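Please read the structure below before turning to the comments.
The values are calculated or read from the model by the stated rules, or taken from the named source; none is laboratory data. Keep in mind the model is a prediction, meaning the values are calculated, not measured. When we count neighbours, we look across all protein chains shown, and the Cβ atoms used for this are built from the backbone with ideal geometry, even at glycine.
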Amino acid sequence: MRKILLSAALVSLFVAAPLRAQDSALAQDADGCKESPLISRFTGSHISSCEDLADQKVDVQIGSEKDGSVSTKTIEGEYHNWVISTRDGVSEAELFDDFEAALQSDGLRIDYENKPSALTAHSGNIWVVFKFGSGSYDQTIVISSETQQAVQANAAFFSEALAQAAHIALYGVLFDTNKATFQPDSEFALQRMLKFLQDLPDQTLHVVGYTDDTGNYDDNLKLAQARAEAIVAWLVDRGIDKTRLIAKGFGDADSGSGSSAASGIAQSHSVELAEP
């Protein structure tokens, strides 16, 4: 299964880098192209071409109308595209099933699917579009610049995800190394959580923090707890009743019971929201 890593910490890694070493038995990636740090490629494939633009408008498919036509939404922002060639014998249906399962496992909302040829999904302001063919697929990621609209939309997304699974991973809360102090890029993810809690004043949550599995377990446990408490304090400072929030830290994601460990998306700054 593909690994989907929608973390703001990784967004900055999109800049093209020199070709990395590959298995000599596999075709080489196109010059200047590098695998997305957010979505791992299908096993045994190579990048045929890529494109990176600082600002681009993209019409993405988001649903079907009653008359059978496809509805679209225009997303404007940072644009990245890859055309990826697969190994012989890989079908459109195999590609579709593999990526659909990965997207769902890692908490993305599936906005549109037309099996086996197309998928659209998003989390926050990050949109992912796939078009599958025989022997290749086209992968596009657009990071929307409409941050406030994304904050508004994700209050409903949080509510739906909690109702279905009782927990949801929150991407993009970034901390300084070995500290419980936020990095500036955390603002968007924190505002999403704040908006959700403001819209649903009766909702209570566990705010669950994780670290990675390196270092001393007891130290990691203390750090994870401190980070969860920092998030709670940030929300309380902005008017959320402290009785609605319970901070809980796990020393590393593998020792936790939440979906982050199960789906393989836990990072050193990983945070999860869960119903009590």
Do you know which residues across region 182-201 are without any contact (Cβ under 8 Å) to a residue 60 or more places away in the chain and either assigned to a helix (DSSP H, G or I) or on the phi > 0 side of the Ramachandran plot (or both)?
Pro184, Glu187, Leu190, Gln191, Leu194, Lys195, Phe196, Leu197, Gln198, Asp199
Number of the condition not met by Ala247 [criteria: (1) at pLDDT 85 or above; (2) within 19 Å of the chain's Cα centre (by Cα); (3) hydrophobic (A, V, I, L, M, F, W, C)]:
(2)
Assuming Asp138 fulfils every condition listed in (1) assigned by TED's automatic domain parsing to the domain that holds Lys222; (2) modelled with pLDDT of 70 or more apart from one, which condition is it?
(1)
The listed residue being under 16 Å from Val129 (Cα atoms) and over 20 Å from the mean Cα position of the chain (by Cα), out of Val90, Val70, Val60:
Val70
Being surrounded by fewer than 17 Cβ atoms within 10 Å (Cβ to Cβ) and modelled with pLDDT of 90 or more is the filter; apply it to region 111-135 and report the residue that is farthest from Phe188 (Cα to Cα).
Gly135
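Okay, residues lined up against (1) farther than 16 Å from Ile126 by Cβ; (2) not in a strand (DSSP E or B):
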{"residue": "Ser36", "(1), (2)": "no, yes"}
{"residue": "Gln61", "(1), (2)": "yes, no"}
{"residue": "Gly68", "(1), (2)": "yes, yes"}
{"residue": "Ser71", "(1), (2)": "yes, no"}
{"residue": "Gly77", "(1), (2)": "no, no"}
{"residue": "Ala93", "(1), (2)": "yes, yes"}
{"residue": "Asp97", "(1), (2)": "yes, yes"}
{"residue": "Glu100", "(1), (2)": "yes, yes"}
{"residue": "Ile110", "(1), (2)": "no, no"}
Could you grab me the full set of residues in region 90-107 that are of a type outside the set (S, T, N, Q) and either over 25 Å from Ala166 (Cα atoms) or buried (at least 22 other Cβ atoms within 10 Å of the Cβ) (or both)?
Val90, Glu92, Ala93, Glu94, Leu95, Phe96, Phe99, Leu103, Asp106, Gly107
State all residues of region 191-204 that are surrounded by fewer than 20 Cβ atoms within 10 Å (Cβ to Cβ) and either touching a His at 6+ places or on another chain (Cβ under 6 Å) or of a type outside the set (Val, Ile, Thr) (or both); if no residue qualifies, say none.
Gln191, Leu194, Lys195, Gln198, Asp199, Leu200, Pro201, Asp202, Gln203
Search region 205-240 for residues being at pLDDT 85 or above and in a loop (DSSP other than H, G, I, E, B), and hand back the single one that is surrounded by the most Cβ atoms within 10 Å (Cβ to Cβ).
Ile240
Is it the case that Glu78 is in contact with a Phe, Trp or Tyr (Cβ under 9 Å, 6 or more places away or on another chain), buried (at least 18 other Cβ atoms within 10 Å of the Cβ) and modelled with pLDDT under 90?
yes
Here's a check for you: in region 168-181, which residue that is outside any loop (DSSP other than H, G, I, E, B) and either under 21 Å from Asp241 (Cβ atoms) or out of contact with any Asp or Glu (no Cβ under 9 Å at 6 or more places or on another chain) (or both) is modelled with the highest pLDDT?
Phe175
